[in-house]
Amino acid sequence: MSSGLIASFVFGARMHNPGMPRILLIDDDEHLAAPLASYFARFDCALDSASRPSEGLAKLRAGPYDAAILDVMLPEMDGFALCREIRKESDIPIVMLTARGDVMDRVVGLELGADDYLPKPFEPRELVARVQTILRRQRAVPAAAAAQRREFEGLVIDLDRREVLRQGERVELTGTEFELLALLADPPGKVWSRDDILNRLRGHEAELYTRAVDIVVSRLRKKLEPLDCIKTLRNAGYTLAVGKSGGT
């Protein structure tokens, strides 16, 4: 696919869909899409599919979709390259399917901006559960947050709009990155262990993969530069060290 064609894709903002969530599966396994679509429908999710990255990108452009599921092994470009292209224009939640269950596949996917991963072969119910958790996380406003807008020195977190401003400039964050920042800000100064972060972000007990937290923190830190507000406390976890500048 030409770089010009990829660059021409403009992903519109995903509006809240009061009906059935729309999920896009990009996987070249022709025997996977139909049964998965039937299974997702049992849980009130509409699963659309594309067998090639170019087709998937075109469908995302036409959207809107609420989440995407990407296989790692694809024609035209692999799932990592596809994730990278999607992340240039969209913060849509992404689940990566890793054929080998290789730890490095998970690390690379998370570093590129994926929200979760699932090794093949997988149980359809687990895939549905992962997608449902991400969608709940994407739409939910933290219940403990009395204020919808958190204002700190050089940093504003708008929970209602799911928007972050760094020194007055909007920062594009993935759903996982936003949820992590909102968690660290509730309240600022609280120390969150890696295990606590994993359980809070995923919304359920899961096999702990502490490297995933480190990767998301690294991505978030880079996007918040030149602010240096996420601190690592050795053998304890992470905390948001930033002064309050206003708001409630």
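The values are calculated or read from the model by the stated rules, or taken from the named source; none is laboratory data. Predicted model, so just to flag it, every value in this text is computed and none were measured. Glycine gets a Cβ as well: all are built from the backbone with ideal geometry, and neighbour counts include every protein chain shown. Surface areas here come from the heavy atoms of the whole protein model, side chains and all, with no ligands, DNA or RNA. Shrake-Rupley method; radii C 1.70, N 1.55, O 1.52, S 1.80 Å.
Near the amide H of Ile69, under 5 Å away, which other amide H atoms are found, from residues 5 or more places off or on another chain, if H is placed in the peptide plane?
Here the answer is Leu24, Leu25, Ile26, Val95, since their amide H atoms fall under 5 Å of that of Ile69.
Distance check, please: which entries in Lys59/Lys223; Lys88/Lys223; Lys59/Lys222; Lys190/Lys223; Lys120/Lys222 exceed 24 angstrom between their Cα atoms?
Among Lys59/Lys223; Lys88/Lys223; Lys59/Lys222; Lys190/Lys223; Lys120/Lys222, the Cα-Cα distance tops 24 Å for Lys59/Lys223; Lys59/Lys222; Lys120/Lys222.
Among 173-184, 56-67, 220-231, how do they line up from the highest to the lowest mean number of other beta-carbon atoms within 10 Å? Write down the numbers at each step before the final one.
Numbers: 173-184: 22.4, 56-67: 19.0, 220-231: 14.9.
Ranking the peptides 173-184, 56-67, 220-231 by packing returns 173-184, 56-67, 220-231.
Can you order the peptides 84-95, 158-169 by their average number of other Cβ atoms within 10 Å per residue, highest first?
On the way: 84-95: 20.5, 158-169: 13.7.
Answer by packing, highest mean first, reads 84-95, 158-169.
What is the gain in length, in nm to one decimal, between Ala99 and Arg234 on full extension, counting 0.36 nm per residue of separation less the C-alpha to C-alpha distance?
On the way: separation 135, 0.36 × 135 = 48.60 nm, distance 3.41 nm.
Separation in residues times 0.36 nm, less the Cα-Cα distance, equals 45.2 nm.
In sequence order, what are the phi-derived ³J(HN,Hα) couplings for the range 227-235 according to the Karplus relation 6.51 cos²θ - 1.76 cosθ + 1.60 with θ = phi - 60°, rounded to whole Hz, with x for glycine and proline?
Listing the rounded values in order: 5, 10, 10, 9, 9, 9, 9, 4, 6 Hz.
Would you kindly state how much longer the chain becomes between Gln148 and Glu111 on full extension, computed as 0.36 nm times their sequence separation minus their alpha carbon distance, in nm to one decimal? The partial results should precede the final answer.
Values: separation 37, 0.36 × 37 = 13.32 nm, distance 2.88 nm.
10.4 nm is the gain from fully extending Gln148 to Glu111.
Do any chymotrypsin sites (Phe, Trp or Tyr not before Pro) in the range 17-57 lie in a loop, going by DSSP, with at most 15 other beta-carbon atoms within 10 Å of their beta carbon, and if so which?
Those satisfying the criteria are Phe43.
Sort Val191, Val107 by heavy-atom solvent-accessible area, probe 1.4 angstrom, most to least.
Values: Val191 60, Val107 5 Å².
In descending accessible area the options line up as Val191, Val107.
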